[in-house]
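These notes are about the structure you will find just below.
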Amino acid sequence: MLPSGEYGKFVINKHLGRIESAPEPMLLYMEALLHAYTSSPFPDPLTRRAGTEEALQWLSSGICQPWSPLHGGPVQVLFQIA
C-alpha cells in the first residue's frame with residue numbers, strides 16, 4: 001500500500017468484544033484485512049476468535065455487503081484479502 005495521506009480511526013469496544021469504525025467501505029474492509037494479517041492459531045482475547053475466523057465473519061456480515069458499486073481503495077483492499 002502506498003502512502004496516500006488517508007487515515008482511519010478504529011475504536012476498541014471492550015464491552016462488545018470488537019473493534020469499531022465508521023461504516024465506510026474502506027474502513028470495513030481494512031478491518032477485515034488487519035484481522036487476517038494478524039491471525040494466529042490462538043483466539044484473540046478481545047474477540048475470542050482467531051484472526052482468519054474474525055475476518056471471514058466480518059466479510060460475511062451485512063455491513064460489509066456493498067450498498068453501491070465499489071471503486072478504488074476498497075477494491076484494492078479486497079484484492080489484498082483474496
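Readers should treat all values here as calculations from the given coordinates under stated rules, not as data from a laboratory. From a predicted model like this one, the values you see are computed outputs, not experimental measurements. When we count neighbours, we look across all protein chains shown, and the Cβ atoms used for this are built from the backbone with ideal geometry, even at glycine.
A few remarks follow.
- Scanning region 11-38 for residues that are surrounded by 10 or more Cβ atoms within 10 Å (Cβ to Cβ), assigned to a loop (DSSP other than H, G, I, E, B), without any contact (Cβ under 8 Å) to a residue 24 or more places away in the chain and of a type outside the set (Ser, Thr, Tyr) turns up Leu16, Ala22, Glu24.
- Subset of region 63-82 (residues that are under 12 Å from the mean Cα position of the chain (by Cα) and either under 19 Å from Ala22 (Cβ atoms) or free of Cβ contacts under 8 Å to residues at least 40 places away in the same chain (or both)): Ile63, Cys64, Pro74, Val77, Leu78
- Residue pairs meeting the criteria (Cβ under 6 Å; at least 6 apart or on separate chains; first touching a residue at least 24 places away in the same chain (Cβ under 8 Å), in region 39-62; second part of a helix (DSSP H, G or I)): Thr47/Glu54; Ala55/Ala32; Ala55/His35; Ala55/Ala36; Trp58/Ala32; Leu59/Ala32
- Exclusive hit being surrounded by 14 or more Cβ atoms within 10 Å (Cβ to Cβ) and either of a type in the set (Gly, Ala, Ser) or on the phi < 0 side of the Ramachandran plot (or both), set Gly62, Gly73: Gly73
- Residues of region 39-59 satisfying the condition of being under 18 Å from Glu20 (Cβ atoms), of a type in the set (S, T, N, Q) and not in a loop (DSSP other than H, G, I, E, B): Gln57
- Any chance Glu53 is surrounded by 10 or more Cβ atoms within 10 Å (Cβ to Cβ) and under 11 Å from the mean Cα position of the chain (by Cα): no
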